[in-house]
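Read the structure below first, then the notes.
The values are calculated or read from the model by the stated rules, or taken from the named source; none is laboratory data. Quick caveat, the model's predicted, so the values are computed rather than measured. What goes into the accessible areas is simple: the full protein's heavy atoms, side chains included, and nothing from ligands, DNA or RNA. Shrake-Rupley method; radii C 1.70, N 1.55, O 1.52, S 1.80 Å.
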Amino acid sequence: MARTEGEEPTALLQRLPGVRLLSLTLHETQMVTPSTRRLRFVGEGLSDLEVRPGQDLMVEVPAEGRRHFRRRYSVRSLDRAVGAVDLDIVLHGDGPGARWAAAVEPGDTVEAIGPRGKIFVADGADWHLFCADEASLPATLAMIESLPPSAVAVALVEVDGASDHVAPGSGPEALDLRWLHRTEPAGRDPVMTTAVTALGLPAGHGHAYVFGELHVVAAARQALVGRGMDPADIDHKGYWRLGVANAAHGEPERPRPA
Ligand SMILES: Cc1cc2nc3c(=O)[nH]c(=O)nc-3n(C[C@H](O)[C@H](O)[C@H](O)COP(=O)(O)OP(=O)(O)OC[C@H]3O[C@@H](n4cnc5c(N)ncnc54)[C@H](O)[C@@H]3O)c2cc1C
């Protein structure tokens, strides 16, 4: 459904049933890795918010005079008893979202809309395959942690190096978690496609979740289809696009058809 930059939050909410406008206050921060900052927010409305693993909040970030400029960040965890939500945000360099995430301080307030997102862990799959990068690791970890200990799951996570590794706190006992270290800049390195192409897929009916840079996601999805996976069993989403800022509603801009 198309959204426009100047759309009022209330208009957006009316069009998205079950979604709430949240006024959040930053409680504390923590560096999860040298490049990812965890922001723990508290606020009314969190203690009974229904969030499924993999869903996100649309956060209004400052953007030089532009109204209702938003960035989407996955719910890493929600503590309903305390009324607190954790967002893990990559400080990738330059962009309104990354600048805000690096500068925000305890006591600062922000408006968020959520939960958003329609990709969930598939019921009834014999195995699950996750393809992720640093930006999609929070959603991926939340989804992995929601799987039972007996589940069969493989996770391919593309990062710069070992300091970016973050393991799930729970989930499948036999999780096959593989870290793919880039030798090229994020968005240009073929390491994910190479790994997907070489991966021995488990037996049975699997489901894949492919999240990350727009072109990396498209190439990895194509490689999975080439491996014989039914496109209906592959959920995929571009989180960001190399060299192109996400739109004011938080999604990557799609390449224009030639
Ligand atoms: C559903 C959804 C959930 C998301 N969840 C998370 C999350 O939990 N944590 C998180 O950190 N991000 C998450 N993202 C990605 C995040 O919203 C984007 O990375 C967003 O572009 C960041 O905004 P920005 O203003 O910092 O950069 P933008 O203004 O969008 O981009 C500016 C420049 O930075 C580059 N860039 C943007 N993101 C990255 C990156 N990750 N690595 C390297 N270069 C980048 C762009 O290519 C562009 O050149 C999510 C995105 C979606 C759609």
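Computed over region 169-238, the quotient of the alpha carbon radius of gyration and 2.2 N^0.38 Å is 1.14. Name the residue, out of E44, E145, E111, whose mean-square fluctuation peaks in a Gaussian network model built on the chain with Cα pairs under 10 Å. Greatest mean-square fluctuation among the candidates belongs to E44. Determine the shape class of region 107-258: with a ≥ b ≥ c the square roots of the Cα gyration tensor eigenvalues, call it rounded for a/c under 1.5, and otherwise prolate if a/b is greater than b/c, oblate otherwise. Cα axes put region 107-258 in the rounded bin. Rounded to the nearest 10 square angstrom, T183 shows an accessible area of 130 square angstrom against a 1.4 Å probe. Region 102-161 and region 188-215 have Cα centres spaced 16 Å apart. With a/c under 1.5 counting as rounded, go ahead and sort region 9-116 into rounded, prolate or oblate using the C-alpha gyration tensor (a ≥ b ≥ c being the square roots of the eigenvalues; past the cut-off, prolate if a/b is larger than b/c, else oblate). Since a/c reaches 1.5 but b/c is at least a/b, the shape of region 9-116 is classed as oblate.
With a 1.4 Å probe and every protein chain left in place, work out the accessible area per residue of the chain in Å², rounded to a whole number. Mind showing how you got there, number by number?
Numbers: 12250 Å² over 258 residues.
Dividing the accessible area of the chain by its residue count gives 47 Å².
The share of accessible area on the chain that comes from carbon and sulfur is 51 percent, using a 1.4 angstrom probe.
For R71, the accessible area of its heavy atoms, probed at 1.4 Å with every protein chain present, is near 20 square angstrom.
Computed from backbone phi with θ = phi - 60° and the Karplus coefficients 6.51, -1.76 and 1.60, the 3J(HN,Hα) list for region 111-119 is 9, 9, 10, x, x, 10, x, 10, 9 Hz; x is used for glycine and proline. Mean projected area of the Cα convex hull of the chain, taken over all directions, amounts to 14.2 nm². The phi torsions of region 217-230, fed into the Karplus equation with coefficients 6.51, -1.76 and 1.60 and a -60° offset, translate into couplings of 4, 4, 5, 5, 4, 4, 5, 5, 5, x, 7, x, 6, 6 Hz, rounded to whole numbers, with Gly and Pro shown as x.
Order L57, L175 by their accessible area, 1.4 angstrom probe, all chains in place, largest first.
Details: L57 0, L175 40 Å².
The most accessible residue leads, giving L175, L57.
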